[in-house]
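J.: Pasting in a structure now, in C-alpha cells, and then I'll have a few things to ask.
The values are calculated or read from the model by the stated rules, or taken from the named source; none is laboratory data. Predicted model, so just to flag it, every value in this text is computed and none were measured. Reconstructed Cβ throughout: ideal geometry from the backbone, glycine too, with neighbour counts over all protein chains shown.
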Amino acid sequence: MIACGLATHYSHSKVKLPQIEEQLGNLLTDDPSIIETSLERYGDLVYPDKTSVLHRIETVDKCFSHGTVEEIFDALVKIREGRFQTLDQCLVREYRMSLQATSKQFSGDFCKGVRARVMDKDFAPKWEPPSLEDVSEDMVDRYFCRLSEFEPELELPTKQREAFT
C-alpha cells in the first residue's frame, strides 16, 4: 500500500495501534506536518516482498499494452490508458466503471453475472449483447463516463502523483 501510494505509514505491530490512536486523538491540530511527525514515531520501514507485483512491473506493462478488447483477452490484459495516469486517475476511472456497471442505466450485465454466479449458481448469464463481437466502442466508452451531472466526483485523500511513463 505504501509503495503504491495508498498509505503513508505502516506498523508491523498491532500493539502499537492503540498508542497511535491515542497519540492522534490527543492532537489539537490538523497540520499535516505535526500529524506526519506523530505517525513517524510508530511507523516501520517496509519494502515490497519478493512476490509483490511491483517487482514484475515490466511484465504487467507488457501484458497491459494491447489496443483491442480481443488482444486484451488473449493476453489477459486491461485497457492501456491506466499506465499513463496517476493512481488517483485510475481509481476515479475504476469508481466510474463500478457505478456504471451497477447502475443498470445502459446494461444489466453486472447484475446478470451476479445472479448467474452467486444466486442461481447456474453460471449461465444472458449477456446483452450476447457476444464480444457485438460490443461497440461506444458501449465501452460509456463505462468511463459519469452517471449524471449530479454524481459526485470521487475525491481521494491523496496528493497527486506523477504518472508512470
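J.: Look through the stretch 111-144, keep the residues that are among the small types (Gly, Ala, Ser) and in a loop (DSSP other than H, G, I, E, B), and return whichever of them is surrounded by the fewest Cβ atoms within 10 Å (Cβ to Cβ).
T.: Out of the qualifying residues, it is Ser131.
J.: Of the residues that make up the stretch 66-78, is at least one within 14 Å of the chain's Cα centre (by Cα) and at pLDDT below 70?
T.: Yes, there is a match, as at least one residue in the stretch 66-78 is within 14 Å of the chain's Cα centre (by Cα) and at pLDDT below 70.
J.: For Thr37, indicate whether it is of a type in the set (Ser, Thr, Tyr) and modelled with pLDDT under 75.
T.: Taking the combined requirement at face value, the residue does not satisfy it.
J.: Considering the stretch 1-54 alone, what residues qualify as being under 21 Å from Leu156 (Cβ atoms), among the charged types (D, E, K, R) and part of a loop (DSSP other than H, G, I, E, B)?
T.: Passing the criteria: Asp30, Asp31.
J.: State all residues of the stretch 98-110 that are in a loop (DSSP other than H, G, I, E, B) and either of a type in the set (Asp, Glu) or in contact (Cβ under 8 Å) with a residue 24 or more places away in the chain (or both); if no residue qualifies, say none.
T.: Gln105, Phe106, Ser107 - these are the residues of the stretch 98-110 that are in a loop (DSSP other than H, G, I, E, B) and either of a type in the set (Asp, Glu) or in contact (Cβ under 8 Å) with a residue 24 or more places away in the chain (or both).
J.: Sort out which residues of the stretch 28-40 are surrounded by 12 or more Cβ atoms within 10 Å (Cβ to Cβ) and not β-branched (Val, Ile, Thr), and write them in order of number.
T.: Listed by number, the residues that qualify are Glu36, Ser38, Leu39.
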